[in-house]
Amino acid sequence: MSLSKALRPIALAGILAISAALGACSFAPVYSSGTLASQPLLNLAFAKPNSRLEQVVYQELSLRFGHSEAPDAPLAQASVSTSAADTMLSRTDNPEKPVEVTATATLTITYRDGSSKPPIKLTRFATAGYTRSDQVLADREAAREAAERAAKAAAESLRLGLLAALSR
(Lines give C-alpha, C1' and ligand atoms only; values in the text may rest on other atoms or scores of the structure.)
Protein backbone atom coordinates (compact mmCIF):
# COMPACT_ATOMS: atom_id res chain seq x y z
CA MET A 1 0.00 0.00 0.00
CA SER A 2 2.74 2.46 0.88
CA LEU A 3 4.43 1.89 -2.49
CA SER A 4 1.27 2.82 -4.41
CA LYS A 5 0.80 5.95 -2.25
CA ALA A 6 4.37 6.98 -2.99
CA LEU A 7 3.92 6.46 -6.76
CA ARG A 8 0.73 8.55 -7.05
CA PRO A 9 2.44 11.97 -6.85
CA ILE A 10 5.16 10.82 -9.29
CA ALA A 11 2.56 9.54 -11.77
CA LEU A 12 0.52 12.73 -11.44
CA ALA A 13 3.61 14.89 -12.02
CA GLY A 14 4.50 12.80 -15.07
CA ILE A 15 1.02 13.20 -16.55
CA LEU A 16 1.10 16.95 -15.96
CA ALA A 17 4.54 17.24 -17.58
CA ILE A 18 3.42 15.31 -20.67
CA SER A 19 0.24 17.40 -20.92
CA ALA A 20 2.24 20.62 -20.75
CA ALA A 21 4.69 19.40 -23.39
CA LEU A 22 1.91 18.36 -25.77
CA GLY A 23 0.00 21.56 -25.12
CA ALA A 24 2.85 23.52 -26.65
CA CYS A 25 2.59 21.55 -29.91
CA SER A 26 0.25 22.50 -32.69
CA PHE A 27 -1.41 19.96 -34.89
CA ALA A 28 -3.24 20.48 -38.18
CA PRO A 29 -5.75 17.67 -38.70
CA VAL A 30 -5.65 16.15 -42.17
CA TYR A 31 -9.27 15.04 -42.04
CA SER A 32 -10.85 18.36 -41.11
CA SER A 33 -12.93 20.18 -43.68
CA GLY A 34 -13.48 23.77 -42.51
CA THR A 35 -9.90 24.86 -41.87
CA LEU A 36 -8.53 23.54 -45.16
CA ALA A 37 -11.10 25.27 -47.32
CA SER A 38 -10.05 28.67 -45.99
CA GLN A 39 -6.56 28.40 -47.52
CA PRO A 40 -6.39 30.07 -50.95
CA LEU A 41 -4.24 27.34 -52.53
CA LEU A 42 -6.93 24.79 -51.74
CA ASN A 43 -9.87 26.73 -53.18
CA LEU A 44 -9.85 24.93 -56.48
CA ALA A 45 -11.85 25.36 -59.64
CA PHE A 46 -12.74 22.00 -61.11
CA ALA A 47 -12.87 21.17 -64.80
CA LYS A 48 -15.97 19.69 -66.35
CA PRO A 49 -16.04 15.90 -65.85
CA ASN A 50 -15.84 13.70 -68.93
CA SER A 51 -17.06 10.53 -67.18
CA ARG A 52 -18.93 9.38 -64.11
CA LEU A 53 -15.67 8.38 -62.39
CA GLU A 54 -14.14 11.83 -62.98
CA GLN A 55 -17.31 13.30 -61.48
CA VAL A 56 -16.85 11.10 -58.40
CA VAL A 57 -13.26 12.34 -58.00
CA TYR A 58 -14.30 15.99 -58.40
CA GLN A 59 -17.12 15.57 -55.87
CA GLU A 60 -14.83 13.99 -53.29
CA LEU A 61 -12.18 16.69 -53.71
CA SER A 62 -14.63 19.60 -53.69
CA LEU A 63 -16.26 18.18 -50.57
CA ARG A 64 -12.90 18.32 -48.76
CA PHE A 65 -11.30 21.42 -50.29
CA GLY A 66 -14.21 23.57 -51.34
CA HIS A 67 -15.02 24.93 -54.77
CA SER A 68 -14.11 28.30 -56.21
CA GLU A 69 -15.66 30.17 -59.11
CA ALA A 70 -12.85 32.77 -59.19
CA PRO A 71 -11.14 33.06 -62.59
CA ASP A 72 -7.68 32.99 -60.99
CA ALA A 73 -8.34 29.95 -58.78
CA PRO A 74 -6.09 26.96 -59.50
CA LEU A 75 -7.74 24.63 -62.00
CA ALA A 76 -8.00 20.94 -61.05
CA GLN A 77 -8.29 18.51 -63.94
CA ALA A 78 -8.70 14.79 -63.32
CA SER A 79 -8.60 11.77 -65.54
CA VAL A 80 -9.66 8.34 -64.33
CA SER A 81 -9.24 4.98 -66.00
CA THR A 82 -10.21 1.54 -64.75
CA SER A 83 -9.18 -2.02 -65.43
CA ALA A 84 -10.59 -5.29 -64.12
CA ALA A 85 -8.90 -8.62 -63.52
CA ASP A 86 -10.13 -11.99 -62.30
CA THR A 87 -8.50 -12.79 -59.00
CA MET A 88 -9.17 -16.51 -59.14
CA LEU A 89 -6.83 -18.73 -61.12
CA SER A 90 -8.69 -21.46 -63.05
CA ARG A 91 -11.33 -22.96 -60.84
CA THR A 92 -14.38 -23.86 -62.85
CA ASP A 93 -16.55 -25.55 -60.21
CA ASN A 94 -17.48 -22.25 -58.54
CA PRO A 95 -19.97 -20.14 -60.55
CA GLU A 96 -19.04 -16.99 -58.62
CA LYS A 97 -15.81 -15.38 -59.72
CA PRO A 98 -14.05 -12.65 -57.70
CA VAL A 99 -12.94 -9.67 -59.77
CA GLU A 100 -10.71 -6.78 -58.75
CA VAL A 101 -11.21 -3.34 -60.31
CA THR A 102 -8.28 -0.91 -60.31
CA ALA A 103 -8.94 2.81 -60.76
CA THR A 104 -6.00 4.99 -61.80
CA ALA A 105 -6.63 8.69 -61.18
CA THR A 106 -4.40 11.52 -62.32
CA LEU A 107 -4.92 15.03 -60.98
CA THR A 108 -3.28 18.09 -62.52
CA ILE A 109 -3.43 21.43 -60.70
CA THR A 110 -2.71 24.36 -63.03
CA TYR A 111 -2.16 27.82 -61.59
CA ARG A 112 -4.11 30.56 -63.38
CA ASP A 113 -2.96 33.55 -61.33
CA GLY A 114 -0.25 34.62 -63.77
CA SER A 115 2.59 33.08 -61.76
CA SER A 116 5.22 30.88 -63.34
CA LYS A 117 4.65 27.99 -60.93
CA PRO A 118 4.77 24.64 -62.66
CA PRO A 119 1.60 22.54 -62.53
CA ILE A 120 1.27 19.88 -59.85
CA LYS A 121 0.62 16.42 -61.26
CA LEU A 122 -0.32 13.49 -59.03
CA THR A 123 -1.24 9.93 -59.97
CA ARG A 124 -2.76 7.48 -57.53
CA PHE A 125 -4.53 4.16 -57.85
CA ALA A 126 -6.89 2.13 -55.71
CA THR A 127 -8.64 -1.20 -56.01
CA ALA A 128 -12.06 -2.56 -55.11
CA GLY A 129 -13.45 -6.02 -55.50
CA TYR A 130 -16.74 -7.58 -56.50
CA THR A 131 -18.04 -11.04 -57.33
CA ARG A 132 -19.17 -11.89 -60.84
CA SER A 133 -22.04 -14.38 -60.96
CA ASP A 134 -22.76 -14.59 -64.72
CA GLN A 135 -25.97 -12.59 -64.36
CA VAL A 136 -25.50 -9.78 -66.83
CA LEU A 137 -27.35 -6.98 -65.04
CA ALA A 138 -26.00 -7.87 -61.59
CA ASP A 139 -22.45 -8.17 -62.95
CA ARG A 140 -22.69 -4.81 -64.73
CA GLU A 141 -23.98 -3.01 -61.62
CA ALA A 142 -21.43 -4.69 -59.36
CA ALA A 143 -18.61 -3.65 -61.70
CA ARG A 144 -19.91 -0.06 -61.83
CA GLU A 145 -20.21 0.14 -58.05
CA ALA A 146 -16.73 -1.33 -57.53
CA ALA A 147 -15.27 1.17 -60.01
CA GLU A 148 -16.90 4.04 -58.10
CA ARG A 149 -15.57 2.73 -54.78
CA ALA A 150 -12.08 2.50 -56.27
CA ALA A 151 -12.39 6.03 -57.69
CA LYS A 152 -13.43 7.37 -54.26
CA ALA A 153 -10.45 5.68 -52.64
CA ALA A 154 -8.13 7.08 -55.32
CA ALA A 155 -9.62 10.56 -54.76
CA GLU A 156 -8.84 10.32 -51.05
CA SER A 157 -5.27 9.35 -51.89
CA LEU A 158 -5.05 12.28 -54.32
CA ARG A 159 -6.29 14.62 -51.60
CA LEU A 160 -3.62 13.48 -49.18
CA GLY A 161 -0.97 13.68 -51.93
CA LEU A 162 -2.03 17.23 -52.77
CA LEU A 163 -1.83 18.26 -49.12
CA ALA A 164 1.66 16.79 -48.94
CA ALA A 165 2.75 18.52 -52.17
CA LEU A 166 1.46 21.90 -51.01
CA SER A 167 3.07 21.62 -47.59
CA ARG A 168 6.60 21.49 -49.06
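The values are calculated or read from the model by the stated rules, or taken from the named source; none is laboratory data. These figures come from a predicted structure and were not determined experimentally. A quick note on method: Cβ atoms are made from the backbone with ideal geometry, for glycine too, and the neighbour counts reach across all protein chains shown. Ligands, DNA and RNA are excluded from the accessible area calculation, which covers all protein heavy atoms including side chains. Shrake-Rupley method; radii C 1.70, N 1.55, O 1.52, S 1.80 Å.
Sorted by accessible area with a 1.4 angstrom probe, largest first, how do 5, 97, 48, 117 fall?
Output order, biggest surface exposure first: 48, 5, 117, 97.
Find the accessible area per residue for the range 49-168; the probe is 1.4 Å, ligands and nucleic acids are left out, and the unit is Å². Can you show the working numbers first?
Working: 6920 Å² over 120 residues.
Dividing the accessible area of the range 49-168 by its residue count gives 58 Å².
Please state the charge dipole magnitude for the range 97-168, taken about the Cα centre, from unit charges on C-beta atoms (+1 on K and R, -1 on D and E), reported in debye and rounded to the nearest 20. Could the numbers behind the result be given before it?
Values: 12 positive and 8 negative charges, 77 e Å.
Computed about the Cα centre, the dipole is about 360 debye.
Just to be sure I understand the model, the point goes 7 Å from the Cα along the line to the Cβ. What's the resulting residue 167 to residue 87 distance in nm?
Each label point lies 7 Å from its Cα, and together they span 3.1 nm.
Given 0.36 nm per residue, what is the gain on full extension from residue 138 to residue 108 after removing their alpha carbon distance, in nm?
Working: separation 30, 0.36 × 30 = 10.80 nm, distance 3.45 nm.
My answer for the length gained is 7.3 nm.
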